[in-house]
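Right, one structure below, let's go through it.
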């Protein structure tokens, strides 16, 4: 019996080495650890980009509506502060001060409303800098 076990040992060693080389138990964990950082970077990058474009669109809508209101509706938007407050009311979802909107009357334009807004990232580790968004509208 002892002689039989001794004869089987060298084969078992090679068999263990072969089975260890073809084992797949931990590959899923390794592949997941490699892919997850890139996946989450892509996911949060898409979310940040969407929020950035939504903010730009909201600001552009607010200045266009305020410039139109200043030209068309003198009772609601008759003064500079009224135009700024109207622009603020149109910038839904953003925390902007009404004094951030500038109202001018350049040549060739009845009312020009503009804003310069510092966009800070929701995840500052992903985008560590602030991006200045500009929006303006001029109605004759």
- Within the stretch 56-78, residues under 19 Å from residue 96 (Cα atoms), buried (at least 18 other Cβ atoms within 10 Å of the Cβ) and in contact with a strand residue (DSSP E or B) (Cβ under 6 Å, 6 or more places away or on another chain) come out as 59, 63, 64, 66, 67
- (1) touching a residue at least 24 places away in the same chain (Cβ under 8 Å); (2) surrounded by 18 or more Cβ atoms within 10 Å (Cβ to Cβ): which one isn't true of residue 110, the others all being true? (2)
- Per-region count, the stretch 80-93, residues closer than 16 Å to residue 135 by Cβ and surrounded by 15 or more Cβ atoms within 10 Å (Cβ to Cβ): 7
- Quick one: which residue in 102, 116, 89, 121 is more than 10 Å from residue 63 (Cα to Cα) and out of contact with any helix residue (DSSP H, G or I) (no Cβ under 8 Å at 6 or more places or on another chain)? 89
- Within the stretch 38-46, is there a residue that is at negative phi, touching a helix residue (DSSP H, G or I) at 6+ places or on another chain (Cβ under 6 Å) and surrounded by 16 or more Cβ atoms within 10 Å (Cβ to Cβ)? no
- Query: Only one residue in 123, 113 is modelled with pLDDT under 90 and at negative phi. Which one?
  - Reply: 123
- Message: One residue is enough: does the stretch 122-138 have a residue meeting the conditions surrounded by 12 or more Cβ atoms within 10 Å (Cβ to Cβ) and more than 23 Å from the chain's Cα centre (by Cα)?
- Response: yes
- Task: For the stretch 97-130, name all the residues that are within 30 Å of residue 40 (Cα to Cα), part of a loop (DSSP other than H, G, I, E, B) and in contact with a strand residue (DSSP E or B) (Cβ under 7 Å, 6 or more places away or on another chain).
- Result: 130
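The values are calculated or read from the model by the stated rules, or taken from the named source; none is laboratory data. Small disclaimer: the values here were computed from a predicted structure and weren't measured. Virtual Cβ from ideal backbone geometry, glycine too; neighbours counted across all protein chains shown.
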